[in-house]
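The values are calculated or read from the model by the stated rules, or taken from the named source; none is laboratory data. Remember, it's a predicted structure, so these values are computed and weren't measured experimentally. Please note: Cβ atoms are built from the backbone with ideal geometry, for glycine as well, and neighbour counts cover all protein chains shown. The area values use the complete protein model at the heavy-atom level, side chains included, leaving out ligands, DNA and RNA. Shrake-Rupley method; radii C 1.70, N 1.55, O 1.52, S 1.80 Å.
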Amino acid sequence: MSANGSPSGQQPTATYDSAFLRACRREAVPHTPVWFMRQAGRSLPEYRKVREGVPMLESCTRPELVTEITLQPVRRHNVDAAIYYSDIVVPLKAIGIDLDIKPGVGPVVEQPIRTRADLARLRDLTPEDVSYVTEAIGLLTRELGATPLIGFAGAPFTLASYLIEGGPSRTYENAKAMMYADPELWADLLDRLADITAAFLKVQIEAGASAVQLFDSWAGALAPADYRKSVMPASAKVFDAVAGYGVPRIHFGVGTGELLKLMGEAGADVVGVDWRVPLDEAARRIGPGKALQGNLDPTVLFTDKNTVEAKAREVLDAAAGLEGHVFNLGHGVMPNTDPDALTRLVDYVHTATAR
């Protein structure tokens, strides 16, 4: 770490005093910073235009396209941070797992991982495997200047769920069956995925990402005792692996109200909260020493301007006593969201919280 508390040689100094990074560090901010999960994507007509005819996973490997898509919501909405355009299965594809993202379905794995022999297919991820990430982040940080870039990855449990189920699932019956019936294989699988995930985040941080978010999208399917015993060690390994870089680490999952304290204990500096738990209650569950992120219900954006502002005010009021707050939705932007509603929401939060 350098004398001013920023990590030497890693974090671009231009972003260090940004509202987003200050909030992540629980410092005073000029206004509550705002960004949105899935801010880059199908809600934007300019995204649909540049993605036309380009398969999802291929789009993630084209640095100039990644740069353009990542920048689109920053230009349009005036958000306080960009999030790197990618997908949680990109590192799995990069190490040779046969998978594809099927429109209307999601990631589909050709040969699910179900046995110990299958673990051999999960080799280590090297920076060369994702050289396009390094190139894209280099382009992005030059364009973004003082606006921070958030890198991200899928957490071991969520990646394991896709790999074992072979695609999206509502019940996670195969994944949870392995967790309960073959805990050694389960632990080895998550440990392997923790190494791959950590390597993927390191590439992003070393290329210039100012913060990272670990998406444990499906962890809400777990009871707290199962999370603590069977999932938290792998997530903690990921956070530990990037702790030395000094960049804020955000942890987010959906339906994780019962897991919030544990998700913070796994090593996050910022805990993302979905819309089901008010932020003041979330802070009580998590305990001191963490910033919080969230947590407007994404469906509110389908209402009128006055309703959006009233519901956003409720979120800000619940966050009034927090050590640090990053305004976000409680999950990702929905594809049919009016982009202008997002732009107005950013402006409202900035104006309402100007110090």
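Figures for the structure shown
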{"item": "Residue in region 259-270 that is of a type in the set (Val, Ile, Thr) and either within 14 Å of ALA155 (Cα to Cα) or part of a helix (DSSP H, G or I) (or both) present", "result": "no"}
{"item": "Test: residue in region 32-48 that is assigned to a helix (DSSP H, G or I), modelled with pLDDT of 95 or more, under 21 Å from the mean Cα position of the chain (by Cα) and not hydroxyl-bearing (Ser, Thr, Tyr)", "result": "no"}
{"item": "So ASP188, is it surrounded by fewer than 22 Cβ atoms within 10 Å (Cβ to Cβ) and over 16 Å from GLU265 (Cα atoms)", "result": "yes"}
{"item": "Considering residues of region 233-245 that are open to solvent by less than 30 Å² (accessible area, probe 1.4 Å) and not aromatic (Phe, Trp, Tyr) only, the residue farthest from GLY264 (Cα to Cα)", "result": "VAL242"}
{"item": "Single condition THR70 does not satisfy, out of (1) hydroxyl-bearing (Ser, Thr, Tyr); (2) open to solvent by 10 Å² or more (accessible area, probe 1.4 Å); (3) in a helix (DSSP H, G or I)", "result": "(2)"}
{"item": "Only one of ARG51, ARG42, ARG114 that is open to solvent by 20 Å² or more (accessible area, probe 1.4 Å) and within 25 Å of PHE20 (Cα to Cα)", "result": "ARG42"}
{"item": "Helices (runs of 4 or more DSSP H) contained in region 163-250 and holding at least 1 residues in contact with a helix residue (DSSP H, G or I) (Cβ under 9 Å, 6 or more places away or on another chain) and under 27 Å from GLY289 (Cα atoms)", "result": "183-207, 224-230, 232-242"}
{"item": "Region 335-349 - residue that is in a helix (DSSP H, G or I) and open to solvent by less than 30 Å² (accessible area, probe 1.4 Å) and, of those, nearest to SER43 (Cα to Cα)", "result": "PRO339"}
{"item": "Some residue of region 124-142 being open to solvent by less than 40 Å² (accessible area, probe 1.4 Å) and charged (D, E, K, R)", "result": "yes"}
{"item": "Index of the failed condition, THR147 passing every other in (1) assigned to a helix (DSSP H, G or I); (2) open to solvent by 10 Å² or more (accessible area, probe 1.4 Å)", "result": "(1)"}
